[in-house]
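See below for the structure under consideration.
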């Protein structure tokens, strides 16, 4: 019994806040988690869309060159040279080069729409990346807390088994000398067997929690873990939480940019129904060299040069497209309308989650105090019942029941602490603030906006 009491108070003793182990788990998760890294690379690729869109504002230049070698041979007598039965010939070599410049002047708003489409799609990607970062870090926190609670539960079950073993051994000795009934001994045996089964089940669950922790964080499961602290929020009311979540939750932000992207796509398709105007300039030079020869008589040649410069305005007006573009436009407008409605759907879902998390957070915070009092009361009850059994006013079954009540209170306390810690970070996530900067992780932070500006600035 003394061993059980000491092990419990050692386990429940406070430790230094902000576990370095948790910090390490979150740091390694940020740096190595494949899901998060995959999302980062996808965002980098997405940034190239802005370069492709901006290219529509700039001219295109192309150059071409051509060289033709020609030769003509005539055989037989020539009327001009009747006494010479010799072949005659002509060589004609042509060299041609040109350069063409095309600058779009008007595309019916197509280039502007394409640029807007790229920008909004990229910003939706940023919000989705933030959501992924939050999901990954929250999974790491959950796996850490779950592993920590499993360690505590196993220790509690071990202490419970040790206490029940002592009760069983005492009952066996008392039964041997005739001071205990076979019924009481059977109760002790049944409770010990159940405690052993519960311990084995929780040890198996502990191994599963270790595997989950290693998968998510990329770290080997620690053998010793420090108890973290709940994230201390500055928000005092549910209204503050809801207002912040409505404005900063990444899912809400992503849905807003998804709508803008869909609207830009509709504008891009609409541009296909409008005229396009291009400014076209070209310059070309052609050199033609002709060589006439009559063997043994004469060798004549000539060079001709032709240079062309041209500037033109080209307009293209679509007259009939078989209804395809108009159908695509209607489809795009319906999609944009659907995306607009999705904003409200996501917002309402976010508000519902925020309310639930807030209530769970407050309930778990209050439950910790309640279960601490329950553990203290159960401990006193167990000690008192044991003393009363020793003087004959209580039986062994009463002690076993008191032992069970203490274990249940301890397990409830462990679960309440885990829930409180976890909900404090879920609350941080629902308002869009669960990230490496807020948690002050020492990581090689990936800033998508900086990468985007570098890509756009280098264009």
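What follows draws every value from the coordinates through simple rules; no lab data is involved. Given the structure is predicted, the values throughout are model-derived calculations rather than measurements. Methodologically, a virtual Cβ is constructed for each residue, glycine included, from the backbone with ideal geometry; neighbour enumeration extends over all protein chains shown.
List of remarks:
- Subtracting the Cα-Cα distance of residue 66 and residue 372 from 0.36 nm times their residue separation leaves 101.1 nm of extension gain.
- By definition, a body whose alpha carbon gyration tensor gives a ≥ b ≥ c is prolate when a/c is 1.5 or more and a/b is larger than b/c, and region 317-392 fits this prolate description.
- You can think of it this way: the chain between residue 277 and residue 308 has 8.9 nm of extra reach, that is 0.36 nm per residue less the Cα-Cα gap.
- In this label model, residue 458 and residue 212 are separated by 4.2 nm, measuring between points 7 Å along each Cα→Cβ vector.
- Scattering curve values for region 173-244, log₁₀ I(q)/I(0), Debye with Cα scatterers, q = 0.16, 0.21, 0.22 Å⁻¹: -0.81, -0.95, -0.98
- Packing-based ranking of 331-339, 149-157 yields 149-157, 331-339, ordered from highest to lowest mean Cβ neighbour count within 10 Å.
- Only DSSP H runs of four or more residues enter the estimate; each adds -39500 (n - 2.57), and after division by the residues of the chain the mean residue ellipticity at 222 nm equals -23000 deg cm²/dmol.
- Extension gain, residue 380 back to residue 443 (0.36 nm per residue minus Cα-Cα distance, nm): 17.9 nm
- Set against the labelled values (1) 27.1; (2) 22.0; (3) 41.0, mean projected area of the Cα convex hull in nm² computed from this structure falls on (3).
- Highest to lowest packing among 185-194, 135-144, 440-449, scored as the average C-beta count within 10 Å: 135-144, 185-194, 440-449
- Model label sites at residue 229 and residue 162, defined 7 Å from Cα along the beta-carbon direction, differ in position by 3.1 nm.
- Shape of region 310-459, Cα gyration tensor, a/c cut at 1.5: prolate
- Debye-sum result for region 168-321 in log10 I(q)/I(0), which assumes one identical scatterer on each alpha carbon, at q = 0.11, 0.16 Å⁻¹: -0.95, -1.13
- Between residue 451 and residue 288, the distance separating the two model label sites (each 7 Å from Cα on the Cα→Cβ line) works out to 5.8 nm.
- Per-residue packing, averaged as other Cβ atoms within 10 Å, sorts the ranges 382-393, 422-433, 202-213 into the order 422-433, 202-213, 382-393, beginning with the highest.
- Relative contact order for the chain, counting Cα pairs under 8 Å that sit 6 or more residues apart, in percent: 25 percent
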